[in-house]
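Novice: What follows is a structure written as structure tokens; I'll ask about it next.
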Amino acid sequence: MIRQGFFEKNLRYLFPLPAVIFVVVLMVFPVGYTFFLSFTDWTLTSGRPLSVVGLKSYLQVLSEPRFLEALGRTFYFTFGSVIVEMVLGTVLALALNRTFKGKGVVKTLLLLPLVATPVAIGIVWNLFYDPTIGILNYVLSVLKLPQSGWVSDAKTVMPSLIIVDIWQWTPMITIIVLAGLAGLSSEPYESAMVDGANGRQVLFLITLPMLMPTILTAVILRAIDALKTYDIIYSMTGGGPGYASENLNVLAFKYSFEYFRMGQSAVMLVFLFLIVLLFSLAVMRLRRAFEQ
Amino acid sequence: MKKNPVHSILFLLTLALIIIPILFPFIWMLMSSFKTQVDIISWPPKFVFTPVMQNYERVFIEQDFLHYMKNSLIVSVVSVFFSLVLGLPAAYSIARYKQKKLSIFILIARLMPGISFLMPWYIVFSRLRLMDSYIALILSHMLIALPLVVWVMSPYFDSVPRELEEAAMVDGLTQQSAFVKILLPLSGPGIVTATTLSFIFSWNNFMFSQVLSQQKTRTLPIAVYNFLSYVEVDWGAVMAAAVTIMAPAIILTMFFQKYVVKGLTMGAVKG
């Protein structure tokens, strides 16, 4: 006989309850409060109480060139890094997709950039990028190429940051695609062998199409994280030189915790939030589409 | 596989081309942490040098990194523990009752930008006089760890056959004790994956601690960053600090390679 008391009958509500309360208190309320603040002109340091001003903060933010540039940079950074990561990550996975001695070690090495602390990564890359003592300019000088200012030059700072992101996250795509490759069924390959398909045909007509769901999901998950990149940029450049590497997250951080313009910062957060939400909905759509 | 020497050499070259760029920053960091300032700023960069310990002495004796390490450990361990306490039953319920909406609700916390919660937290925690407290930091880090626990564990519980619990329930166990006594002990690998991943993400977190912690509860990433903002960069000491902060996450990953891969590939790859 299975006992069914109050607790057992309501297990489906009681078990998730603590987690739900936690997420409501720590996420839903704060996000709601941020939305509310976006309709105010509250500045923490002014000493004035907050007053609701409708869309005034939105208009201020939208007419602020620094915000528009940061918005553009957010997309530039995201697409610039994620597209390279997708292609390179898939190529590496295809190259590694065979049995060889030490595959486990190679997989562990691939994980290292993913689990390494971003702030520390940023510091190491800053040493590489240093215009006078950095190893990258040394390599350029040996190759008789012109040296670069890397992150200290407004023209090269974004590509330099994108390179760090590519270094850190390409292995994640590789690992996910490798797992996807391991899970492919062998039937299509067998019939392709029978039909006498060559290597390139197998790759483009069988392997890649079957991998697409995996690659796309991985890429969108990666894009969501790239949209909110903060650690690497803040620790390497602080958004500089000037404002040349500020993305939305870095700019909103400065508005909140350096200028204490909470109202305007809230507007930026609403934009960032909506962009990320759209991408997240895309992931769920995709996953549902592939599940059918 | 047929042994074609040209192919094997090409493959080894490919491997080298993949591994060297990945490893080089770590190796350079490790080397630099044992260099004197003179060796670090020398041009051309030095690959051969006499190793010194002074950078680590500076980090651990002058800067008291042990204090920050202790803070990081307290925050990560406690927040992961409570995330498991909240997340495991939720993940179980999601798996057993197919609560799709609930799972999306909790997973949204994984996708949303942390900074959209951070500003309100800052205001509320200041009012409650909880700035620079472990409580504020732990709560904020739980919002990182909890979605990961649910993300990893609900498919895991879903894959464990129901018959096991049902048999236990027929034997007189309540469903909740069947969950604790039968299912959880069988879920070791899943729990290891969830724990390792959330520990690493919490350990590496920079933004939350940057705002919510000050001297008393400052965690390692902030300590390393502050180290950098001194007037003249003492590169050797900074690299020693970077090695110190990365070491635990890297050692964990080496031990639990299989589980970390599982956790990271989850969601994108079915099964």
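Novice: May I ask you to list the residues in segment B:136-177 that are part of a helix (DSSP H, G or I), loosely packed, with under 14 Cβ neighbours inside 10 Å and more than 12 Å from every other protein chain (Cβ to nearest Cβ)?
Specialist: B:SER159, B:ARG162, B:GLU163, B:LEU164
Novice: In segment A:91-114, which residue that is more than 8 Å from chain B (Cβ to nearest Cβ) and in contact (Cβ under 8 Å) with a residue 60 or more places away in the chain is nearest to B:ILE22 (Cα to Cα)?
Specialist: Step one: of segment A:91-114, the residues more than 8 Å from chain B (Cβ to nearest Cβ) are A:91, A:93-94, A:97, A:101-103, A:105.
So of that shortlist, the ones also in contact (Cβ under 8 Å) with a residue 60 or more places away in the chain come out as A:93-94, A:97.
Working: A:ALA93: 14, A:LEU94: 17, A:ASN97: 18 Å.
Per the stated criteria, the residue is A:ALA93.
Novice: Is there a residue in segment B:50-66 that is touching a helix residue (DSSP H, G or I) at 6+ places or on another chain (Cβ under 7 Å), at the interface with chain A (Cβ under 10 Å from one of its Cβ atoms) and buried (at least 18 other Cβ atoms within 10 Å of the Cβ)?
Specialist: No, segment B:50-66 has no match at all.
Novice: Hey, another quick one. Can you go through A:LEU281, A:LEU208, A:LEU184 and tell me which one is out of contact with any helix residue (DSSP H, G or I) (no Cβ under 9 Å at 6 or more places or on another chain) and more than 9 Å from every other protein chain (Cβ to nearest Cβ)?
Specialist: Working: A:LEU208 fails: out of contact with any helix residue (DSSP H, G or I) (no Cβ under 9 Å at 6 or more places or on another chain); A:LEU184 fails: out of contact with any helix residue (DSSP H, G or I) (no Cβ under 9 Å at 6 or more places or on another chain).
Going through A:LEU281, A:LEU208, A:LEU184 in turn, the sole match is A:LEU281.
Novice: So which of B:SER198, B:SER202 ends up being in contact with a His (Cβ under 8 Å, 6 or more places away or on another chain), modelled with pLDDT of 90 or more and buried (at least 24 other Cβ atoms within 10 Å of the Cβ)? Steps first, please.
Specialist: Working: B:SER198 fails: in contact with a His (Cβ under 8 Å, 6 or more places away or on another chain).
From the options B:SER198, B:SER202, the qualifying one is B:SER202.
Novice: Return yes when B:GLY271 is modelled with pLDDT under 90, at the interface with chain A (Cβ under 10 Å from one of its Cβ atoms) and surrounded by fewer than 19 Cβ atoms within 10 Å (Cβ to Cβ) and no when it is not.
Specialist: Numbers: modelled with pLDDT under 90: yes; at the interface with chain A (Cβ under 10 Å from one of its Cβ atoms): yes; surrounded by fewer than 19 Cβ atoms within 10 Å (Cβ to Cβ): yes.
So B:GLY271 fits the description; yes.
Novice: Also, I was wondering about something else. Quick one: which residue in A:PHE35, A:PHE75 is aromatic (Phe, Trp, Tyr), within 14 Å of chain B (Cβ to nearest Cβ), surrounded by fewer than 19 Cβ atoms within 10 Å (Cβ to Cβ) and in a helix (DSSP H, G or I)? Outline the logic, then answer.
Specialist: Values: A:PHE75 fails: within 14 Å of chain B (Cβ to nearest Cβ).
Result: A:PHE35 is the single residue among A:PHE35, A:PHE75 that is aromatic (Phe, Trp, Tyr), within 14 Å of chain B (Cβ to nearest Cβ), surrounded by fewer than 19 Cβ atoms within 10 Å (Cβ to Cβ) and in a helix (DSSP H, G or I).
Novice: Across segment B:210-230, what is the number of residues that are at the interface with chain A (Cβ under 10 Å from one of its Cβ atoms) and polar (S, T, N, Q)? Talk me through it step by step, then tell me what you get.
Specialist: From segment B:210-230, those at the interface with chain A (Cβ under 10 Å from one of its Cβ atoms) are B:210-211, B:220-225, B:227-229; that's our starting set.
Still in the list and also polar (S, T, N, Q): B:210, B:229.
Residues that pass the stated criteria total 2.
Matching residues to (1) modelled with pLDDT under 85; (2) closer than 25 Å to B:LEU252 by Cα; (3) of a type in the set (Asp, Glu); (4) not in a loop (DSSP other than H, G, I, E, B):
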position	(1), (2), (3), (4)
B:ASP39	no, no, yes, yes
B:LYS46	yes, no, no, no
B:VAL52	no, no, no, no
B:TYR56	no, yes, no, yes
B:ILE61	no, no, no, yes
B:TYR68	no, yes, no, yes
B:ASN71	no, yes, no, yes
B:ILE74	no, yes, no, yes
B:VAL78	no, yes, no, yes
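Novice: In this structure, is A:LEU136 at pLDDT below 90, within 14 Å of chain B (Cβ to nearest Cβ) and surrounded by 15 or more Cβ atoms within 10 Å (Cβ to Cβ)? Before the answer, list the steps.
Specialist: Details: at pLDDT below 90: yes; within 14 Å of chain B (Cβ to nearest Cβ): yes; surrounded by 15 or more Cβ atoms within 10 Å (Cβ to Cβ): yes.
It is true that A:LEU136 is at pLDDT below 90, within 14 Å of chain B (Cβ to nearest Cβ) and surrounded by 15 or more Cβ atoms within 10 Å (Cβ to Cβ).
The values are calculated or read from the model by the stated rules, or taken from the named source; none is laboratory data. Note that the coordinates shown come from a computational prediction; the quantities given were computed from them, not determined experimentally. Backbone-built Cβ (ideal geometry, glycine too); neighbour counts: all protein chains shown.
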